[in-house]
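The next block holds one structure in the form of structure tokens; read it before the comments.
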């Protein structure tokens, strides 16, 4: 169980609006406009119709940063990702200093030196992940079976490694937000009523042998996991919890969620080794309401 600590929270508005600070496979930033009609309706006073927001597959957190809910619980099974968010929340100035050092030192040799470093404090590991994310090929986070980051360096002339103002804005937004390492089905211990809103953005079910990207870390997400996720979705829906889920547009996913409203979303495939295979595709957005 995560213990929340009291932290001083400034009421001053951030210098810039918070938004995702990591590039993450399947990030939803470009799809939010299409999602707007499907978010839980606001009350007559314009306030959210839910109290607590849950995102069990955190990733880049685009939906969280768009909604800016009054209360939030953000979780992921990837400990490195969770560590980054916690360090941004709790130690943003120290993190910025380390990122500035990475930015000054960036080179081909330096990149592979940092990539091969697998030890260090939580703060050092958080700075390492952000640095690699900003300088690796296509901003792709991928681990091998040992949990080691293994993406080659990207071709950027002057990568912006340290976005200090953005990180400060995100840090302020994350104050009093619970951030934890947890598998998706632990949401059943947390969300119980119509005052809860859960958004699932799991690794997508592959629509072809060459499009599979279900193992962004050492833990694969297979058809059995997709079925367990559907069962979790259904249990939450039975409780009256507001639930929304994104996934690939294919027969398997549509059959899994055939009992729920399913909406077609137009998206772009941006992560593919073959540039000719990047382009418009459709995804599904499933809702319980």
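Each value in this text was obtained by applying a stated rule to the coordinates, not by laboratory testing. In this text the structure is predicted, and so the values were computed from the model without any measurement. Quick reminder, even Gly has a Cβ in these numbers, built from the backbone with ideal geometry, and neighbours come from all protein chains shown.
What is the extension gain from residue 42 to residue 150, computed as 0.36 nm multiplied by their sequence separation minus the C-alpha to C-alpha distance, in nm to one decimal?
So the chain would gain 34.6 nm between residue 42 and residue 150.
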Exercise. Three principal axis extents, largest first, for the C-alpha atoms of the range 85-168, in Å?
Worked result: 30, 29, 19
Seminar exercise, completed: Mean separation of Cα contacts under 8 Å (at least 6 apart) over the residue count of the range 106-222, i.e. the relative contact order in percent, is 23 percent
Seminar exercise, completed: quick note, the chain, DSSP beta bridge pairs, % antiparallel (nearest 5) is 50 percent
Problem set entry | Where only C-alpha atoms are counted, convex hull volume of the chain per residue in Å³ | 142 Å³
Problem set entry | Estimated FRET transfer efficiency (residue 49, residue 116; beta-carbon r; R0 41 Å; 0.05) | 0.25
Exercise. More than 18 Å apart: what percent of Cα pairs in the range 94-220 qualify?
Worked result: 65 percent
For this session: Once you have the Kirkwood Rh of the range 41-146 from its Cα pairs, apply Stokes-Einstein at 20 °C and 1.002 mPa s and quote D in µm²/s.
Result: 136 µm²/s
Problem set entry | residue 263 versus residue 186: modelled label distance in nm, points set 7 Å from Cα along the beta carbon direction | 3.0 nm
Seminar exercise, completed: Helix-only [θ] at 222 nm, the chain, -39500 (n - 2.57) per DSSP H run of 4+, per residue, nearest 500, equals -9500 deg cm²/dmol
Exercise. Which of 98, 190, 239 comes first, and how do the rest follow, when ranked by fewest Cβ neighbours within 10 Å?
Worked result: 239, 190, 98
